[in-house]
Amino acid sequence: MEESHTPPRGSTRPDTSVAHNARVWNHWVGGKDNYEVDQQVGDQVASIMPVIRDIARADREFLGRAVTYLAGERGVRQFLDVGTGLPTADNTHEIAQRIAPGSRIVYVDNDPIVLMHARTLLAGTRDGAIDYIEADVHDPDAILDRAAQTLDFDRPVVVMMLGILNFVLDTEKARGTVRRIMDAVPSGSFLVLTHPTYDAEAGGEDQIPAMEFWNENATPPITARSAEDIAAFLEGLNPVEPGLVSCSRWRARAGSVPVAPQYGAVAVKP
Ligand SMILES: C[S@@+](CC[C@H](N)C(=O)[O-])C[C@H]1O[C@@H](n2cnc3c(N)ncnc32)[C@H](O)[C@@H]1O
């Protein structure tokens with residue numbers, strides 16, 4: 001396996017005085033890589049919005065189903081996972097390389113604590129390749145430049161943006177980021193996204209007070225969006241069945257699955 005780690009530019013030590021998203025998300029999915037401040041803020045958000053832990057778990061399970069589908073049924077061998085988060089069970093490379101050991105994966109995050117755990121993300125198969133890039137989703141050109149060292153942009157790429165566009169507060173800028181990255185990948189590439197919503201029909205009424213609390217007490221600032229705004233990120237792409245739905249319901253096993261106020265979709269570039 002080729003392993004590489006593109007050195008961070010101006011990376012900083014983790015700030016343990018303020019709750020950070022990657023660590024709080026880790027707390028919500030039951031991980032141990034977080035500090036007291038993350039647990040306190042995470043628990044307070046959960047008291048405003050009790051389904052938040054279910055959302056975090058539903059999002060990770062969606063990731064598992066989407067990567068399994070794309071590596072297994074669609075035969076894609078390259079993944080660009082933007083807003084990776086801290087390593088947990090079944091990270092993108094583990095699922096993809098279990099199906100196809102030669103899969104190539106590039107992880108991108110801008111949180112120093114995710115960088116500290118990059119070694120776990122970089123341990124893959126002998127045949128494949130994995131890179132970790134410290135970069136900001138607001139700078140898609142930097143992501144593409146550095147990802148091109150590992151991924152072949154003449155062949156299909158799965159662009160994963162799970163729980164990350166909600167940190168680009170300006171909707172036009174978020175659309176611009178998606179467009180820039182999807183323009184750089186060829187036909188047959190996929191966009192996979194999840195995004196929180198305040199839509200009542202998805203059970204998102206508590207998102208607004210929960211996010212107001214988050215924005216006053218934690219970092220980085222976050223926003224939820226409507227199904228319409230989230231669907232617009234898929235413009236020019238063909239959604240795979242069942243389209244944009246609660247991520248808990250996307251190709252979920254038969255039976256009654258509770259709706260999570262976090263939309264998910266997979267779409268292919270024609
Ligand atoms: C909600 S977590 C999602 C993790 C993973 N994608 C998942 O779905 O389980 C969001 C991740 O995005 C990262 N993040 C937040 N703002 C970012 C930015 N401006 N650039 C790059 N990564 C960012 C955080 O550090 C965190 O790891």
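The values are calculated or read from the model by the stated rules, or taken from the named source; none is laboratory data. Computed from a predicted structure; not experimentally measured. In this analysis, Cβ positions are derived from the backbone assuming ideal geometry, glycine residues included, and neighbour counts consider all displayed protein chains.
Collect the residues in the stretch 105-151 that are among the acidic types (Asp, Glu) and touching a residue at least 40 places away in the same chain (Cβ under 8 Å), keeping them in residue-number order.
Within the stretch 105-151, 109, 111, 127, 131, 134 meet the criteria.
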Looking at this structure, is residue 80 aliphatic (A, V, I, L, M), within 24 Å of residue 241 (Cβ to Cβ) and touching a residue at least 24 places away in the same chain (Cβ under 8 Å)? yes
Does residue 95 qualify as being farther than 26 Å from residue 138 by Cβ, within 13 Å of the ligand (Cβ to nearest atom) and surrounded by 19 or more Cβ atoms within 10 Å (Cβ to Cβ)? yes
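Could you please let me know if residue 124 is more than 10 Å from the ligand (Cβ to nearest atom) and in contact with a His (Cβ under 7 Å, 6 or more places away or on another chain)? Write out each step before concluding.
Details: more than 10 Å from the ligand (Cβ to nearest atom): yes; in contact with a His (Cβ under 7 Å, 6 or more places away or on another chain): yes.
Yes, satisfied.
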Which of (1) in a strand (DSSP E or B); (2) modelled with pLDDT under 95 is the odd one out, the single condition residue 256 does not satisfy? (1)
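Say we look at the stretch 72-90 and pick out the residues that are near the ligand (Cβ under 10 Å from one of its atoms) and crowded, with 23+ Cβ neighbours inside 10 Å; which of these is farthest from the chain's Cα centre (by Cα)? Give the steps one after another, and end with the answer.
Applying the first criterion (near the ligand (Cβ under 10 Å from one of its atoms)) to the stretch 72-90 yields 81-86, 88.
From what is left, the residues that are crowded, with 23+ Cβ neighbours inside 10 Å are 81-86.
On the way: 81: 6, 82: 6, 83: 5, 84: 5, 85: 7, 86: 11 Å.
Out of the qualifying residues, it is 86.
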Mind checking which residues of the stretch 43-67 are more than 22 Å from residue 246 (Cα to Cα) and either within 13 Å of the ligand (Cβ to nearest atom) or in contact (Cβ under 8 Å) with a residue 60 or more places away in the chain (or both)? 44
Long-range neighbours under 7 Å by Cβ, at least six apart or interchain, first residue hydroxyl-bearing (Ser, Thr, Tyr) within the stretch 12-32, second away from the ligand (no atom under 11 Å from the Cβ): 16/35; 16/37; 17/37
In this structure, does residue 114 turn out to be at pLDDT below 95 and within 10 Å of the ligand (Cβ to nearest atom)? yes
Looking only at the stretch 150-169, filter to residues that are touching a Phe, Trp or Tyr at 6+ places or on another chain (Cβ under 9 Å) and within 27 Å of residue 223 (Cβ to Cβ); which one of those is farthest from the ligand (Cβ to nearest atom)? 157
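Any residue that is assigned to a loop (DSSP other than H, G, I, E, B), more than 10 Å from the ligand (Cβ to nearest atom) and surrounded by fewer than 22 Cβ atoms within 10 Å (Cβ to Cβ) - is there at least one of those in the stretch 140-148? Step through it out loud before you land on a result.
Of the residues in the stretch 140-148, the ones assigned to a loop (DSSP other than H, G, I, E, B) are 148.
In the following step, the residues that additionally are more than 10 Å from the ligand (Cβ to nearest atom) were identified as 148.
Narrowing further to those that are surrounded by fewer than 22 Cβ atoms within 10 Å (Cβ to Cβ): 148.
Yes, some residue in the stretch 140-148 is assigned to a loop (DSSP other than H, G, I, E, B), more than 10 Å from the ligand (Cβ to nearest atom) and surrounded by fewer than 22 Cβ atoms within 10 Å (Cβ to Cβ).
Quick one: in the stretch 28-71, of everything that is small (Gly, Ala, Ser), buried (at least 21 other Cβ atoms within 10 Å of the Cβ) and over 27 Å from residue 142 (Cβ atoms), which residue is farthest from the chain's Cα centre (by Cα)? Let's see the steps before the verdict.
Restricting attention to the stretch 28-71, the residues satisfying the condition of being small (Gly, Ala, Ser) are 30-31, 42, 46-47, 56, 58, 64, 66, 71.
Now narrow it down to the ones that are buried (at least 21 other Cβ atoms within 10 Å of the Cβ): 42, 56, 58, 66, 71.
From what is left, the residues that are over 27 Å from residue 142 (Cβ atoms) are 42, 56, 58.
Working: 42: 19, 56: 11, 58: 12 Å.
The qualifying residue farthest from the chain's Cα centre (by Cα) is 42.
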Restricting the stretch 41-91 to residues that are touching a His at 6+ places or on another chain (Cβ under 9 Å) and assigned to a loop (DSSP other than H, G, I, E, B), which is modelled with the lowest pLDDT? 87
Under 6 Å between Cβ atoms, which residue pairs at least 6 apart in sequence (or on different chains) link something in the stretch 92-104 that is more than 10 Å from residue 129 (Cα to Cα) with a partner that is at pLDDT 95 or above and crowded, with 24+ Cβ neighbours inside 10 Å? 92/67; 92/79; 92/81; 92/105; 95/67; 96/67; 96/79; 96/103
Do you know which of the residues in the stretch 106-126 that are within 16 Å of the chain's Cα centre (by Cα) and in a loop (DSSP other than H, G, I, E, B) is farthest from residue 25 (Cα to Cα)? 110
